[in-house]
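**Student:** Provided herewith is a single structure, encoded as C-alpha cells, for subsequent inquiry.
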Amino acid sequence: MSAPSAVAGGTVGGVSVGRSPALPRRFDPQSLGEHVDRLYRAAWAMCGDPHDAEDLVQETCARVLARPRWLRGSDDFGYLLRVLHNAHVSRLRRAGRRPNEVPLEEEQEPRGGLDLRDPHTAFEVNELFAAIAALPSDAREVVVAVDVVGLSYGEAARALRVKEATVTTRLHRARRRVVATVETARKAENRVTA
C-alpha cells in the first residue's frame, strides 16, 4: 500500500489538511462611520487627551481611506484598532523628535453619557484616562480594548493577536495599576488641600 498522494488545494488523499486561508475581502469605507465612536474612546485612552484623540482618529481614518484595503476575516474593528495603534506609535515617534507644544485652554464638549462640563466629572475622567495612558503599552492596549471600547475578552484577544488568557492576566494587572495610580493621586490631592 502506498502513501496518499498530495492533491492541489491543501488536501492529502482527498482529505482537507490544516486551515484554509480566509479569502481577502475589500474593506468597505462606508462602514468606517460605524466605528468612529469606539475608535475615539480607544484613542482618548491611548493619548490621555481628548483633542489628541480626535486628531488620532482623523489620522487613522485618513490612512484607511487613502487606498483600498484588503482584509482577511470579518473583524473590521480589530483591523481599525491596529491602524489606530500604529498611527499612535508613529505620532509618539514624531513627537519625540519635536519640541513640546503648549496646549491652548479650551472648554471640553460632553461625550457619551458623562457631562464633562461638570468640573468634578471632567477631572475624574481626565484623571482616569491619564492613568490609562501612563500604563505600559501592552497593558494599555488591553484596558483600551476591553474597558474603554467594550470588546469582549475574545474579541480583544483577536484584535491584539494574543491569547484570551493573556488578555485576562494583563487586564487584571492593568486595572490594579490604574486603581493604585488614581488612589495615590487622590491621597496626594487630599494632603495638599488639607
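**Student:** All but one of (1) farther than 24 Å from residue 31 by Cβ; (2) at pLDDT 75 or above; (3) not in a helix (DSSP H, G or I); (4) not aliphatic (A, V, I, L, M) hold for residue 124; state the number of the condition that does not hold.
**Tutor:** In the conditions (1) farther than 24 Å from residue 31 by Cβ; (2) at pLDDT 75 or above; (3) not in a helix (DSSP H, G or I); (4) not aliphatic (A, V, I, L, M), residue 124 misses (3) alone.
**Student:** Going residue by residue through the stretch 21-36, is there one that turns out to be polar (S, T, N, Q) and either surrounded by 14 or more Cβ atoms within 10 Å (Cβ to Cβ) or modelled with pLDDT under 80 (or both)? Quick ask: steps written out before the conclusion?
**Tutor:** Initially, the stretch 21-36 is screened for residues polar (S, T, N, Q), giving 30-31.
Checking which are either surrounded by 14 or more Cβ atoms within 10 Å (Cβ to Cβ) or modelled with pLDDT under 80 (or both) leaves us with none.
No; the residues of the stretch 21-36 include none that is polar (S, T, N, Q) and either surrounded by 14 or more Cβ atoms within 10 Å (Cβ to Cβ) or modelled with pLDDT under 80 (or both).
**Student:** Still on this structure, please answer the following. In the stretch 132-155, how many residues are under 8 Å from the mean Cα position of the chain (by Cα), of a type in the set (Asp, Glu) and under 18 Å from residue 180 (Cβ atoms)?
**Tutor:** Counting residues in the stretch 132-155 that are under 8 Å from the mean Cα position of the chain (by Cα), of a type in the set (Asp, Glu) and under 18 Å from residue 180 (Cβ atoms) gives 0.
**Student:** Okay, next question. What do you reckon, is residue 182 closer than 26 Å to residue 36 by Cα, over 16 Å from the mean Cα position of the chain (by Cα), of a type outside the set (D, E, K, R) and surrounded by 15 or more Cβ atoms within 10 Å (Cβ to Cβ)? Walk me through it before giving the result.
**Tutor:** Numbers: closer than 26 Å to residue 36 by Cα: no; over 16 Å from the mean Cα position of the chain (by Cα): yes; of a type outside the set (D, E, K, R): yes; surrounded by 15 or more Cβ atoms within 10 Å (Cβ to Cβ): yes.
The answer is no for residue 182.
**Student:** Here's another thing I want to ask about it. Hey, among the residues in the stretch 45-101 that are aliphatic (A, V, I, L, M) and farther than 23 Å from residue 126 by Cβ, which one's surrounded by the most Cβ atoms within 10 Å (Cβ to Cβ)?
**Tutor:** So the residue we want is 80.
**Student:** Take the residues of the stretch 102-112 that are exposed (fewer than 15 other Cβ atoms within 10 Å of the Cβ) and either within 16 Å of residue 45 (Cβ to Cβ) or at pLDDT 75 or above (or both): which is nearest to the chain's Cα centre (by Cα)?
**Tutor:** 112
**Student:** Still on this structure, I have one more. Scanning the stretch 146-158 for residues that are at pLDDT below 90 and under 15 Å from residue 85 (Cα atoms), which turns out surrounded by the most Cβ atoms within 10 Å (Cβ to Cβ)?
**Tutor:** Restricting to residues being at pLDDT below 90 and under 15 Å from residue 85 (Cα atoms), the top hit is 149.
The values are calculated or read from the model by the stated rules, or taken from the named source; none is laboratory data. No experiment lies behind these values; they were computed from the predicted model shown. With ideal geometry, Cβ positions are generated from the backbone for all residues, glycine too; neighbour counts draw on all protein chains shown.
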